[in-house]
Amino acid sequence: PVTTSTSHTLPMNHRTSTPSPVNLLYQLCTLIILSCRASSSFAFAALSRGVIHVATQSRAQSTGRSASASLSTSILLSPTQLSMSKQHKIFCYGDSLTAGTSPPSPELYPYGPYLERSLHELMSDSGSSAVVRWSGYPGWTAAAMADPTTLTGPSGLLTFLRNISAKTGSPADLCIILAGTNDLGYAVDARPIFNDIQILHRESHGEGVPTAAVGIPPSAWQRSNADAANMAATVNTSLKEWCDATPMATFVPCPIDMSTVGNELWSFDGLHFSKAGFQALGEGLAPSIANIIQSRVE
């Protein structure tokens with residue numbers, strides 16, 4: 001139902017502390033990218049059936065298809081089609097790491113298409129596959145995503161999940177949530193970050209949709225900033241413990257670890273992945289996601 005959507009203004013009540021120099025660099029890169037996209041890269045469309053929001057790329061490098069072909073993949077299958085093909089509905093929600101932002105490139109490289117392709121390969125023997133759709137918002141914190149006005153707004157998680165259910169006749173089979181990276185630039189304690197991510201999962205569970213909590217990825221900033229690294233580690237530990245005790249949630253560690261920071265999997269800023277990195281993210285998540293689907297759904 002969705003390809004990448006972008007919304008770039010953080011609610012003012014979440015701008016409560018001074019961002020770090022690295023965070024300022026991130027915001028500057030985002031503004032540069034947005035200026036490029038505004039002139040050439042995006043075309044937004046709303047179709048009458050089966051699409052919540054669609055954002056296509058002029059060259060669609062993430063999938064290697066034309067913009068029109070990329071648009072067609074965003075059409076939500078009907079309940080009959082989904083049943084006949086045993087295609088499980090997966091929705092990915094998060095920040096720029098879900099959108100596929102990779103400075104200084106004006107293109108997006110979301111991990112969703114790579115995840116979908118890998119799931120098809122992993123699940124083909126069972127006669128099932130997965131339809132993966134995503135929505136990512138560069139610059140957004142988990143706090144912004146969990147805000148009650150955001151949750152039910154046009155870019156909110158609940159809005160997307162309810163539209164999926166309404167369009168297909170049943171809830172999504174899984175929601176993958178990757179959030180918290182941007183919060184590290186504002187927060188001074190891990191607990192609020194964990195609480196906000198937990199809200200996103202609980203809201204999804206309230207819609208009857210199980211979740212996968214992807215751990216906060218490493219970054220060059222975490223490697224040079226012990227406080228940020230400790231906060232990320234604490235959030236991930238808390239998420240894992242909570243997921244282990246929550247039947248509808250599963251913790252999935254980020255498949256890209258700290259040892260890779262600075263290599264070809266990363267953008268120059270050390271905060272975002274390169275195209276190869278987003279591919280590695282999608283392919284690395286696939287085995288865990290396939291296991292979740294097979295254990296929870298099939």
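Some notes on this structure:
- Accessible area per residue, Å², segment 175-284 with all protein chains present, probe 1.4 Å: 38 Å²
- The H on the amide N of His272, modeled in the peptide plane, is under 5 Å from the matching H of Ser267, each at least 5 residues off or on a different chain.
- For the pair Ala233 and Phe268, a Förster radius of 30 Å applied to the C-beta separation gives a FRET efficiency near 0.75, rounded to the nearest 0.05.
- Cut-off 12 Å between beta-carbons: net charge of the residues surrounding Ser155, Lys and Arg +1, Asp and Glu -1: -2
- Taking the centroid of alpha carbons for each part, segment 132-146 and segment 202-219 are 12 Å apart.
- In nm, spacing of pseudo-spin labels at Ser126 and Ala245 (7 Å Cα→C-beta vector): 2.9 nm
- Carbon + sulfur, % of accessible area of segment 233-298 - ligands and nucleic acids excluded, 1.4 Å: 54 percent
- Shape class of segment 92-144 from the alpha-carbon gyration tensor: oblate, with a/c at 1.5 or above and b/c at least as large as a/b.
- Taking amide H as placed 1.01 Å from N in the peptide plane, the amide H of Ser129 sits under 5 Å from that of Gln87, His88, each at least 5 places away or on another chain.
- Proximity of backbone amide H atoms, modeled 1.01 Å from N, is registered between Cys254 and Gly215 at under 5 Å, excluding neighbours fewer than 5 places apart on the same chain.
- Cβ-defined net charge surrounding Met231, 10 Å radius [Lys, Arg +1; Asp, Glu -1]: -2
- Contour excess over end-to-end distance, with Cα ends at Ser295 and Ser165 and 0.36 nm allotted per residue: 44.7 nm
- Cα gyration tensor category, rounded, prolate or oblate, for segment 92-224 with a/c compared to 1.5: oblate
- With every protein chain in place, segment 93-208: carbon and sulfur % of accessible area (1.4 Å): 51 percent
The values are calculated or read from the model by the stated rules, or taken from the named source; none is laboratory data. Here the structure is a predicted model, which is why all the values come from computation and not from measurement. Because the Cβ atoms are built from the backbone with ideal geometry, glycine has one as well, and the counts that use them run over all protein chains shown. Calculation scope for accessible area: heavy atoms of the full protein, side chains included, ligands and nucleic acids excluded. Shrake-Rupley method; radii C 1.70, N 1.55, O 1.52, S 1.80 Å.
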